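Report on the structure given below.
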Amino acid sequence: MINIDLKGKRALVTGASSGIGEAIAHALAQAGADVAVNYLADPAGRNAANAEQVAASLRQVGVRAATLAADIADAGEVEKMFTQIDSTFGGIDILVNNAGIDGVAARCWESNPDDWYRVIQINLFGAYHCAREALKRMTTARHGVIVNISSVHESIPWSGYSAYTCSKAALTMLTQTLAQETADLGVRVVGVAPGAIKTEINEAVWNDPDMLRDLLRKIPANRMGKPEEIGRMVALLASDMASYVTGPSVLVDGGMVLYPSFRHGG
Ligand code: BGC
């Protein structure tokens, strides 16, 4: 049967209170999975409120949903979050390492080390902390899938964002290495590399007609992606439809990495 069926699977999506993470949570729930919505607590409580809203709409689909605050950059907080997942869901079948930030735009020599470290701490160390906890459980259960959300910038350099590009290139190597470590233990580890997906993270670009025009020149498909286009790919890869897929980072980018400037001439 060709069917994306995640009924009874228990998933954790990091950074799921907004953007791509929220869309991934929805796609997993639509395929039948219970979903834990991780978010980073902020003083104004905005992320907590958004996470609650996301969880409420997941429950409407008929699955279980929980919200879990944790700064994934902190190994101790991640350990606690997984203990909460154990007690709420009784285990974990799918981890989606989605939480990430672009960081502050600054060329290397003008950057602040603390800003640089924070990007790596969230995008790379955060994924490592969550994978470590998930794999303790998944390798014991001999069953599970990890999906790491990378970016086209795992391979495309991006001036002003050296921490981001480094974090994503490293995340992709983490995907491959963990896939190799776990391939004979019933666990799959895959990546999804989005291009320019229309969310809050790049609002400054799509809100400005000149910047948007410049961006679209970089996308052969001539449009930005939709968060649900990432969600669907994650659900597919997390399902048994992809039972023999482990290690790759799947580009979902409308062709952004295809050297669009070579469409004409060369
Ligand atoms: C970034 C976005 C950017 C896109 C394409 C993503 O990884 O988070 O801000 O629009 O790459 O450059």
If N38 meets every condition in (1) surrounded by fewer than 19 Cβ atoms within 10 Å (Cβ to Cβ); (2) closer than 20 Å to V234 by Cα; (3) not hydrophobic (A, V, I, L, M, F, W, C) apart from one, which number is that one? (1)
Using the structure shown, decide if I201 is under 14 Å from G21 (Cα atoms), within 9 Å of the ligand (Cβ to nearest atom) and not hydroxyl-bearing (S, T, Y). yes
Segment 26-50: number of residues that are assigned to a helix (DSSP H, G or I) and in contact (Cβ under 8 Å) with a residue 60 or more places away in the chain: 4
When you scan segment 183-207, how many residues do you find that are under 18 Å from Y161 (Cβ atoms) and exposed (fewer than 15 other Cβ atoms within 10 Å of the Cβ)? 3
Looking at Y244 and the list (1) touching a residue at least 60 places away in the same chain (Cβ under 8 Å); (2) of a type outside the set (A, V, I, L, M); (3) farther than 26 Å from C108 by Cα, which single condition is not satisfied? (1)
Considering every residue within segment 213-234, establish whether at least one is open to solvent by less than 60 Å² (accessible area, probe 1.4 Å), within 13 Å of the ligand (Cβ to nearest atom), within 13 Å of the chain's Cα centre (by Cα) and not aromatic (F, W, Y). yes
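The values are calculated or read from the model by the stated rules, or taken from the named source; none is laboratory data. Just so it is clear, the structure is predicted and the values come from calculations on it, not from any experiment. Neighbour counts are summed over all protein chains in view; Cβ atoms, including those assigned to glycine, are modelled from backbone coordinates with ideal geometry. Calculation scope for accessible area: heavy atoms of the full protein, side chains included, ligands and nucleic acids excluded. Shrake-Rupley method; radii C 1.70, N 1.55, O 1.52, S 1.80 Å.
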